[in-house]
Amino acid sequence: QAQLVESGGGLAQPGGSLRLSCIPSGKIVNIKTWAWYRQAPGKQRELVASMDRDGQDYANSVKGRFTISRDIARNTISLQMNSLKPEDTAVYYCHYRSLFGTNYWGQGTQVTVSS
């Protein structure tokens, strides 16, 4: 089964920026929603940002700082993260959900915000 591959994680200072990217490893079609999740140590995985053909939605904790975008031709998504805070430290996962309910996940990319 095709999966997703994230990249762009790393270490950033508070107030800094990172851009995450998500690329399918195989053919993935009929996608209904695209999203980014994150999971911090000892916490549950949470939805950070999502989009469908009607618009975008963000967790309150990242509104105004993070932006999700999609490259339709390449079937990829990105997450631009600005004004990073230490509490943004987590493993970030991209997720696609098809019209038929199939879920695709990436392996995760670590984002660490620290001075």
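The values are calculated or read from the model by the stated rules, or taken from the named source; none is laboratory data. Given the structure is predicted, the values throughout are model-derived calculations rather than measurements. FYI the Cβ positions are ideal-geometry reconstructions off the backbone, even for glycines, and counts take in every protein chain you see. Ligands, DNA and RNA are excluded from the accessible area calculation, which covers all protein heavy atoms including side chains. Shrake-Rupley method; radii C 1.70, N 1.55, O 1.52, S 1.80 Å.
Before moving on, here are some points about what is shown:
- Checked against (1) in a strand (DSSP E or B); (2) more than 19 Å from Gly16 (Cα to Cα), Pro41 passes all but condition (1).
- Some residue of the range 58-65 being open to solvent by 30 Å² or more (accessible area, probe 1.4 Å) and over 29 Å from Ser114 (Cβ atoms): no
- Residue list for the range 22-38, restricted to those being touching a residue at least 60 places away in the same chain (Cβ under 8 Å) and under 24 Å from Ser114 (Cα atoms): Cys22, Arg38
- Search result, residues across the range 1-23 that are closer than 14 Å to Gly108 by Cα and of a type in the set (A, V, I, L, M, F, W, C): Leu4, Val5, Leu20, Cys22, Ile23
- Filter result for the condition that a residue is modelled with pLDDT under 95 and of a type in the set (S, T, N, Q), over Asn30, Asn82, Asn60: Asn30
- Checking the range 91-108 against the condition returns no match, with no residue being open to solvent by less than 30 Å² (accessible area, probe 1.4 Å), modelled with pLDDT of 95 or more and farther than 21 Å from Ser25 by Cβ.
- Taken over the range 22-32, the criterion of being farther than 19 Å from Val48 by Cα, surrounded by 13 or more Cβ atoms within 10 Å (Cβ to Cβ) and among the aliphatic types (A, V, I, L, M) is satisfied by Ile28 alone.
- Verdict on Arg19 being more than 19 Å from Ser115 (Cα to Cα) and open to solvent by 10 Å² or more (accessible area, probe 1.4 Å): no
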